[in-house]
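Here's the structure, in structure tokens; my notes come after.
The values are calculated or read from the model by the stated rules, or taken from the named source; none is laboratory data. Keep in mind it's a predicted model, so treat the numbers as computed, not measured. Quick reminder, even Gly has a Cβ in these numbers, built from the backbone with ideal geometry, and neighbours come from all protein chains shown.
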Amino acid sequence: MTTTWAEPQPPATEDRRWKALGVCLTAGFISLLDTSIVNVALPSMEHGLGATEAAQAWVVSGYSLTFGLALVPAGRLGDMRGRRQAFLVGLAVFTVASAACGLAASPDWLVVFRLIQGAAAGMVAPQTSGLIQQMFQGGERARAFGLLGSVIGVSTAVGPLAGGVIINAVGTGDGWRWVFFVNLPIGVVALVAGLRLLPRFPAVGKREEFDPVGVLLLGSGVLALMLPLVQEQQWTGRQKWALLPLGALLLGLFWTWERRQGRLGRAPLVDLHLFSLRSFTLGALVSLTYFAGFTTVFFVLALFLQNAAGYSALAAGVTVLPFAASSAVGAALGGRMVVRHGRKLVVLGLTGVALGLLGILAVVRTVPSDSLGWAAVLPMIVGGIGSGITVSPNTTLTLMRVPVRRAGAAGGVLQTGQRVGSAAGIAVVGSVYFAHLANHGSAVEALQYGLLTCVGLILLALCLAAADLRERTKAPQGLEPRDVAPQDLGPQDLGPVDLGPVERTGRGPEARPSS
């Protein structure tokens with residue numbers, strides 16, 4: 001007798017699946033857009049609301065903080081209770097919180113609503129990757145993750161431009177309010193479309209306890225790591241760095257607790273078997289280091305262009321437009337080529353990003369500041385294409401072998417790394433930029449040192465990707481070093497897991513245990 005385990009079925013028509021993906025990507029776009037769109041609206045908040053520097057810092061960093069804290073628990077919640085429901089609840093809260101931010105009557109209330117908005121965004125994000133895992137397989141899954149990579153890259157890069165356009169159109173008095181109000185029509189339309197189009201998959205995880213101890217340890221550890229990073233400019237003194245070893249200790253306790261949960265047969269918050277998958281572990285490290293370098297480029301450029309070169313918020317946003325547009329093109333190409341070329345594509349993309357940043361650095365050294373935007377177009381395009389074919393394929397390869405049952409939690413872990421990497425990169429690069437500016441007074445030189453630090457972080461990601469590629473080429477054909485075979489994860493973990501083109505010639509993913 002042959003025993004099989006039923007897999008969740010995709011929506012009835014292929015057309016509906018791609019429309020459902022469009023809903024997910026739209027929600028992902030506005031939630032990631034809000035990580036950078038407010039940067040150019042800070043002067044408007046100061047002018048129109050009387051926001052202090054501390055309040056402005058919390059408007060920016062508080063969103064990233066609660067975003068990062070919510071990701072893994074929200075991913076686990078989606079695995080347990082159903083990703084459609086978790087997605088729609090998160091999107092609804094995000095939309096309401098956006099309206100509350102725009103209507104805030106004081107800086108304190110704005111910070112509170114911004115924290116809620118970030119937590120809601122963290123609830124939406126892991127459901128997107130989990131739904132992609134459920135709706136698509138094989139080449140279609142790679143294409144879907146390619147579109148997700150486009151959204152990640154473009155939304156981050158286009159944020160300053162969108163904020164600049166809004167401030168320029170509405171004015172500095174109330175322009176900051178419309179930075180939040182712009183989410184309302186998009187959020188409402190996405191919510192209505194999601195109710196109609198998102199598939200009603202059954203929950204793929206058991207309805208077990210939620211592991212509150214794991215949530216507390218992980219949340220406290222991530223908070224202790226991120227807080228001194230996001231507040232690096234606001235908290236003076238060295239005492240804040242004592243939180244970093246505390247965060248490491250808490251995460252070590254979290255790891256020990258999760259192993260204990262597994263030994264006792266209880267469902268952990270994060271299945272530690274995920275880190276036995278080399279593709280997941282290396283991909284997550286590449287993502288963390290890449291985002292530490294990638295997102296900080298726009299941070300230091302925005303500071304330099306507006307504070308030193310005299311650019312308006314709109315002009316500063318237009319300067320990074322070539323990067324955003326070419327990143328979308330690169331992500332689309334990466335989604336099509338990742339199944340054939342695999343990790344080689346990530347190495348190529350990271351090389352392109354490093355070359356693009358070095359080109360921007362050369363422009364900064366040789367071109368007057370008032371002409372920087374035009375002169376940087378070509379290196380921006382090179383770096384943008386490299387970014388597109390880095391983020392999209394790396395996301396695909398990192399999650400490709402993750403069991404569908406843990407796709408939400410795995411997506412949460414991956415994006416938590418991105419948020420921590422972004423915060424750490426901004427802290428490191430910002431420290432380099434501000435320290436040189438304070439000691440030497442040259443904004444041009446400060447930007448150069450900041451960009452060099454970004455290049456160093458990108459090269460670190462490149463080394464990790466190259467090391468992974470080298471070990472793959474040494475492995476026996478059809479196997480990936482230290483990856484866990486599907487049967488080792490147990491029948492409850494089986495689902496539409498794609499093992500790549502090589503494995504299809506052997507014991508492909510369609511294989512099922514028999515008895």
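Brief remarks on what is shown
- Residue in the stretch 378-388 that is closer than 23 Å to Gln133 by Cβ and either outside the structural domain of Lys344 (by TED's automatic domain parsing) or not hydroxyl-bearing (Ser, Thr, Tyr) (or both) present: yes
- Some residue of the stretch 152-172 being farther than 21 Å from Gly75 by Cβ and surrounded by fewer than 16 Cβ atoms within 10 Å (Cβ to Cβ): yes
- Considering Ala97, Ala51, Ala125, Ala121, the condition of being in the same structural domain as Pro403 (by TED's automatic domain parsing) and touching a Pro at 6+ places or on another chain (Cβ under 6 Å) is satisfied by Ala51 alone.
- The listed residue being touching a helix residue (DSSP H, G or I) at 6+ places or on another chain (Cβ under 7 Å) and more than 12 Å from Arg406 (Cβ to Cβ), out of Leu250, Leu264: Leu250
- Any chance Thr289 is closer than 20 Å to Pro126 by Cα and out of contact with any Phe, Trp or Tyr (no Cβ under 9 Å at 6 or more places or on another chain): yes
- Members of the stretch 39-63 that are among the hydroxyl-bearing types (Ser, Thr, Tyr), under 20 Å from Ile426 (Cα atoms) and modelled with pLDDT of 80 or more: Tyr63
- Test: residue in the stretch 346-361 that is in contact with a Leu (Cβ under 9 Å, 6 or more places away or on another chain), buried (at least 24 other Cβ atoms within 10 Å of the Cβ) and of a type in the set (S, T, N, Q): no
- Matching entry among Val339, Val364, Val320, Val297 (being assigned by TED's automatic domain parsing to the domain that holds Leu33, surrounded by fewer than 24 Cβ atoms within 10 Å (Cβ to Cβ), among the aliphatic types (A, V, I, L, M) and closer than 30 Å to Asn168 by Cα): Val364
- For the stretch 229-241, residues that are part of a helix (DSSP H, G or I), buried (at least 21 other Cβ atoms within 10 Å of the Cβ) and not β-branched (Val, Ile, Thr) total 1.
- Condition check for Gly450: at pLDDT 85 or above and touching a Ser or Thr at 6+ places or on another chain (Cβ under 6 Å): no
- Helices (runs of 4 or more DSSP H) contained entirely in the stretch 265-346, each with at least 3 residues that are modelled with pLDDT of 80 or more, within 23 Å of Gly149 (Cβ to Cβ) and aliphatic (A, V, I, L, M): 278-307, 321-341
Residues are listed down the side, and each one gets a yes or a no for (1) assigned to a helix (DSSP H, G or I); (2) over 23 Å from the mean Cα position of the chain (by Cα); (3) within 30 Å of Gly130 (Cβ to Cβ):
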| position | (1), (2), (3) |
| --- | --- |
| Gly48 | yes, yes, no |
| Ala51 | no, yes, no |
| Phe67 | yes, no, yes |
| Leu77 | yes, no, yes |
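- Tabulated pairs, the stretch 72-89, first in contact (Cβ under 8 Å) with a residue 60 or more places away in the chain and under 14 Å from Gly214 (Cβ atoms), second of a type in the set (Phe, Trp, Tyr) and surrounded by fewer than 22 Cβ atoms within 10 Å (Cβ to Cβ), C-beta under 9 angstrom, 6+ apart or interchain: Pro73/Phe210; Arg76/Phe210; Leu77/Phe210; Met80/Phe210
- Residue check, Gly102 surrounded by 24 or more Cβ atoms within 10 Å (Cβ to Cβ), in the same structural domain as Ala55 (by TED's automatic domain parsing) and either among the small types (Gly, Ala, Ser) or at pLDDT 95 or above (or both): no
- Residues of the stretch 191-221 that are modelled with pLDDT under 90, under 25 Å from Gly28 (Cβ atoms) and assigned to a helix (DSSP H, G or I): Val215, Leu218, Gly219.
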